[in-house]
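Engineer: Could you have a look at this structure, given as structure tokens, before my questions?
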Amino acid sequence: PSVLKDGSKLNPDYIPERLPHREDKLKELTIAFRDIVNEPGKSSVRVVITGRTGTGKTVTARIFGKAFAEQVKNRGIKVEYVHVNCHRERTLYLITLKIAEQLKLSIPPRGLSSQEVFKIIHEYLERRNMYVIITLDEFDYFLNSSPPEDIYFIVRLYDELAVNVKRVSYIFIIRDLTTLSSLDKTVRDHIARDIIEFPPYKSNELYDILQDRVKIAFYDGTVSDDAVKFISDINGFDKGGSGNARLSIETLELAGRIADAEGSPIVTVEHAKKANSRLNEEASIILDELNYLELHPMLLVKALINLSKREKKESFPIGEVEDEYSRLCELLGVEPRRHTQVFEYMRRLKLMGIINTQQSGKGMRGRTTLLSLTFPASQELDDYVTKLIGALKN
Ligand code: ADP
């Protein structure tokens, strides 16, 4: 028996029905997009959502988009909402393809440039007299890794497309606003017109968010109020925590699993504490280990983090990891190490407990070594590794 009634409701991708403490942000977004209702086609709206990890940026954008499209439909305005993650789709071309895909447009598999794909998208919108709100999530990645002309193209779309009616509007989700400072002013002005900040959650806010999830994910009365209180307090920004709803929900889930493992019919504050320290401990041991790495092994770790986040898989053929590693080297302008040296690094990373290796299943053509991280590729970790790489490079 389990205390969990429906664990999927604790999944980071699950879209809840309500968003406690983000109602005002939903309203701000509606106001920012009012021109689409008042004077459709006159302007291309741009809004930046910024805030730390786990402050509800993604989920709020998604819920806003859906609700807004629904709301304007009653006034006879057709709006589609499209959400693209720039970490997963890491080039302009992949982003435009993803937008087309979400609009259910079929694009010939080869031979078109991003600009041409965008033109097809625009013609499609024109034909149907439709508008689209495109959220570019984790836009930091795109800004940090794309050539200026690609950034210029996506942002200054209407300088390039000679059209009268502006049908494309954007929500840019940017974790760290300082990313913008490296950009050309003309580009920056096209991005940062309207900035909505998402503050880290306070303890009482996390409590409300968690209680909502307790109701839909757990059986009645199986989660003690103290447990929820503990998780909210430890993570609440006003109490020195990170204000991260994702981490709080993850802690709740782990507490549930610990209760199950101990055969307890109820999740107690003790289970919540164990869950919390387990998550903390994992995080701190790893961070400690990482501090000792040199640049190239660190880049291999970063390559694995990138692949895990992008492809939502656990393990990757060694060749794929090496390819991603080479790309990172190129991006940073450092010479990649030779294959044999890379192998040696991997062996060491394994000894340090940072990565696991296994052989791909029998029967698979040309057996190969699969690599995985021994820890979740969380945003915090990614940030940390990125920072260490920046420091090592100089
Ligand atoms: P961010 O994009 O800022 O990193 P997310 O939108 O991915 O954060 O939110 C992280 C997790 O917390 C998701 O599971 C999301 O559903 C949940 N969450 C965040 N804010 C709220 C809220 N106000 N109400 C309910 N769930 C929330």
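The values are calculated or read from the model by the stated rules, or taken from the named source; none is laboratory data. Predicted model only: the values in this text are computed from it and were never measured. Neighbour counts run over all protein chains shown; Cβ positions are idealised from the backbone, glycine included. These accessible areas exclude ligands, DNA and RNA; they are computed on the full protein's heavy atoms, side chains included. Shrake-Rupley method; radii C 1.70, N 1.55, O 1.52, S 1.80 Å.
Engineer: Quick check on my filter: what residues within the stretch 103-118 are open to solvent by 60 Å² or more (accessible area, probe 1.4 Å) and more than 12 Å from ILE154 (Cα to Cα)?
Structural biologist: Hits for the stretch 103-118 are LYS104, SER106, PRO108, PRO109, ARG110, GLY111, GLU116.
Engineer: Is it true that VAL334 is surrounded by 16 or more Cβ atoms within 10 Å (Cβ to Cβ) and assigned by TED's automatic domain parsing to the domain that holds LEU373?
Structural biologist: Working: surrounded by 16 or more Cβ atoms within 10 Å (Cβ to Cβ): no; assigned by TED's automatic domain parsing to the domain that holds LEU373: yes.
So VAL334 does not fit the description; no.
Engineer: Step by step: first the residues of the stretch 47-79, then only those that are crowded, with 19+ Cβ neighbours inside 10 Å and in a strand (DSSP E or B), then the one that is nearest to the ligand (Cβ to nearest atom). Which residue is that?
Structural biologist: The qualifying residue nearest to the ligand (Cβ to nearest atom) is GLY51.
Engineer: Under 7 Å by Cβ, and 6 or more places apart or on different chains, what pairs join a residue from the stretch 225-243 that is over 13 Å from ALA275 (Cβ atoms) with one that is open to solvent by 10 Å² or more (accessible area, probe 1.4 Å) and among the aliphatic types (A, V, I, L, M)?
Structural biologist: Cβ pairs passing all conditions: ASP226/VAL269; GLY241/ILE234.
Engineer: Still on this structure: Please specify each residue of the stretch 80-90 satisfying the condition of being more than 16 Å from the ligand (Cβ to nearest atom), open to solvent by 20 Å² or more (accessible area, probe 1.4 Å) and at pLDDT 95 or above.
Structural biologist: Listed by number, the list holds a single entry, GLU80.
Engineer: Quick test for you: out of LEU125, LEU94, LEU112, pick the one residue that is in a loop (DSSP other than H, G, I, E, B) and either modelled with pLDDT under 90 or at negative phi (or both).
Structural biologist: Only one candidate passes the filter, namely LEU112.
Engineer: Output the number of residues of the stretch 249-278 satisfying the condition of being assigned to a helix (DSSP H, G or I) and within 17 Å of ILE209 (Cβ to Cβ).
Structural biologist: Of the residues in that region, 11 qualify.
Engineer: Note down all Cβ pairs under 9 Å where the first residue falls in the stretch 9-30 and is within 7 Å of the ligand (Cβ to nearest atom), the second is among the hydroxyl-bearing types (Ser, Thr, Tyr) and in a helix (DSSP H, G or I), and they're at least six residues apart or on different chains.
Structural biologist: PRO12/THR58; TYR14/SER8; LEU19/THR60; ARG22/THR60
Engineer: Still on this model: Can you run down the residue pairs with Cβ atoms below 9 Å, 6 or more apart or on separate chains, where the first is in the stretch 204-219 and away from the ligand (no atom under 11 Å from the Cβ) and the partner is of a type in the set (Ser, Thr, Tyr) and part of a helix (DSSP H, G or I)?
Structural biologist: ASN204/SER232; TYR207/SER232; ALA217/SER8
Engineer: Something else about it: If ASP189 passes every condition in (1) part of a helix (DSSP H, G or I); (2) open to solvent by 60 Å² or more (accessible area, probe 1.4 Å); (3) within 16 Å of the ligand (Cβ to nearest atom) but one, which one does it miss?
Structural biologist: Exception for ASP189: condition (3).
Engineer: Of the conditions (1) part of a helix (DSSP H, G or I); (2) within 13 Å of the ligand (Cβ to nearest atom); (3) within 22 Å of the chain's Cα centre (by Cα); (4) surrounded by fewer than 18 Cβ atoms within 10 Å (Cβ to Cβ), THR178 clears all except one; give me its number.
Structural biologist: It fails just one condition, (2).
Engineer: Go through the stretch 313-331 and give me each residue that's open to solvent by less than 30 Å² (accessible area, probe 1.4 Å) and either more than 23 Å from GLN359 (Cβ to Cβ) or assigned to a helix (DSSP H, G or I) (or both).
Structural biologist: ILE318, VAL321, GLU324, TYR325, LEU328, CYS329, listed by residue number.
Engineer: Does SER2 fit the bill of being away from the ligand (no atom under 16 Å from the Cβ), within 25 Å of ASP189 (Cα to Cα), of a type in the set (S, T, N, Q) and outside any strand (DSSP E or B)? Write out each step before concluding.
Structural biologist: On the way: away from the ligand (no atom under 16 Å from the Cβ): yes; within 25 Å of ASP189 (Cα to Cα): no; of a type in the set (S, T, N, Q): yes; outside any strand (DSSP E or B): yes.
No: the conditions fail for SER2.
Engineer: Is one or more of the residues making up the stretch 258-271 within 16 Å of the ligand (Cβ to nearest atom), of a type in the set (A, V, I, L, M, F, W, C) and out of contact with any Lys or Arg (no Cβ under 6 Å at 6 or more places or on another chain)? Walk me through it before giving the result.
Structural biologist: Our first condition is that a residue be within 16 Å of the ligand (Cβ to nearest atom); within the stretch 258-271, this holds for none.
Scanning the stretch 258-271 turns up no residue that is within 16 Å of the ligand (Cβ to nearest atom), of a type in the set (A, V, I, L, M, F, W, C) and out of contact with any Lys or Arg (no Cβ under 6 Å at 6 or more places or on another chain).
Engineer: Pick from LEU136, LEU143: which is in a strand (DSSP E or B) and in contact with a Cys (Cβ under 9 Å, 6 or more places away or on another chain)?
Structural biologist: Among LEU136, LEU143, only LEU136 is in a strand (DSSP E or B) and in contact with a Cys (Cβ under 9 Å, 6 or more places away or on another chain).
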